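One structure is given below, encoded as structure tokens.
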Amino acid sequence: MLTEERHQKIMELLNKHSIVKSQELSLVLNASESTIRRDLQELEAADLLERIHGGAKLRSDLGTEQTMNEKTIKNIQEKQLIAKLAAEKVTDGDVIYLDAGSTTLEMIPYLAEKKITAVTNSVHHAAKLIDLNINTIILGGTLKLSTKAIVGATSLEQLRQFRFSKVFMGMNGIHSEFGLTTPDPEEASVKRLAIQHGEQAFILADHTKLNKVTFTKVADIEQVILLVDHCPKDLLPEFQKKTIIQEVEK
């Protein structure tokens, strides 16, 4: 088994059980304990887990998420630059999906005058789109109070009926090996389905989200195009091996 495959499996087991033992990993992955120790050291160095005596546990903040209000006030300038770049991808006649992220919210003013249809799982996004006289569909379902995202079985069922020219969404973690992740499994399900139903999917993220992993995997980065304010030079080659990553021109 390749190192990348072992790392992926270790994180899957951690997400399922929260704590794993080195001996059990050695048996499951058919690898020596010295190899497992090295794997755990590398994953800890990447801030993906915490080593404990005889094994490892999930990092304590993998499942935490800021509220929409907290997200909105962080890295505003970077988000606006990314949002402007994303809006330039939208052309008349497109049917787009905007998820309930703070950076996608910044896209909306740049969509004025575009003849499009927008689908969103955010009441806040929908209101701003309607103010610009953009044809808007809002998904039904359960409103998550912290992030103002609409999630659940109803939203998924409605989303299954739609296809999109372009999908735009934020993401909590973007990692070349572990892919796209978000803390909430229900939000992850909506994001995953939207990506699957888009001809193109764009992830809007400032540089603080790069090389980060949170609780629930959404998709592999090969499935999307990354739009970022900038990417650290040491991370760029790994991302470029797997997908298109576009940095804002400053």
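Every number in this text was worked out from the coordinates using simple rules, so none of it is lab data. These numbers were taken from a predicted model, which means no experiment stands behind them. Cβ sites come from the backbone with ideal geometry, for glycine too, and all protein chains shown count toward neighbours.
The table below lists the values:
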{"item": "Spatial separation of Cα centroids for segment 185-250 and segment 103-145, in angstrom", "result": "21 Å"}
{"item": "Burial ordering of K166, K115, K57, fewest other beta-carbon atoms within 10 Å first", "result": "K115, K57, K166"}
{"item": "L27 versus L236: modelled label distance in nm, points set 7 Å from Cα along the beta carbon direction", "result": "4.7 nm"}
{"item": "³J(HN,Hα), Karplus 6.51/-1.76/1.60, whole Hz, each residue of segment 90-105, x for Gly, Pro", "result": "8, 10, 3, x, 5, 10, 10, 10, 10, 7, 7, x, 6, 6, 5, 4"}
{"item": "Structure-based [θ]222 nm, the chain - -39500 (n - 2.57) summed over DSSP H runs of at least 4, per residue, nearest 500", "result": "-11000 deg cm²/dmol"}
{"item": "Point-to-point label distance, Q196-Q77, nm (Cα→Cβ direction, 7 Å offset)", "result": "4.1 nm"}
{"item": "A201 long-range amide H proximity, modeled H, under 5 Å", "result": "V167, I225"}
{"item": "Full-stretch length increase - Y110, I52 - with 0.36 nm per residue and alpha-carbon distance subtracted", "result": "16.0 nm"}
{"item": "Estimated dipole of segment 3-58 in Debye, rounded to 20 [Cβ of Lys and Arg +1, of Asp and Glu -1, Cα centre]", "result": "180 debye"}
{"item": "The chain, relative contact order in percent, only Cα pairs under 8 angstrom and at least six apart counted", "result": "16 percent"}
{"item": "Cβ-Cβ FRET estimate between Q8 and N133, R0 fixed at 51 Å, reported to 0.05", "result": "0.65"}
{"item": "HN-Hα J in Hz across segment 194-210 - Karplus 6.51, -1.76, 1.60, θ = phi - 60°, x for Gly and Pro", "result": "4, 4, 4, 9, x, 5, 9, 10, 10, 9, 9, 8, 7, 4, 5, 8, 6"}
{"item": "Test item: Cα-centred dipole of segment 129-244, Lys/Arg +1 and Asp/Glu -1 on Cβ, debye", "result": "100 debye"}
{"item": "Mean Cβ neighbour count within 10 Å, used as a protection proxy, ranking 99-111, 37-49 highest first", "result": "99-111, 37-49"}
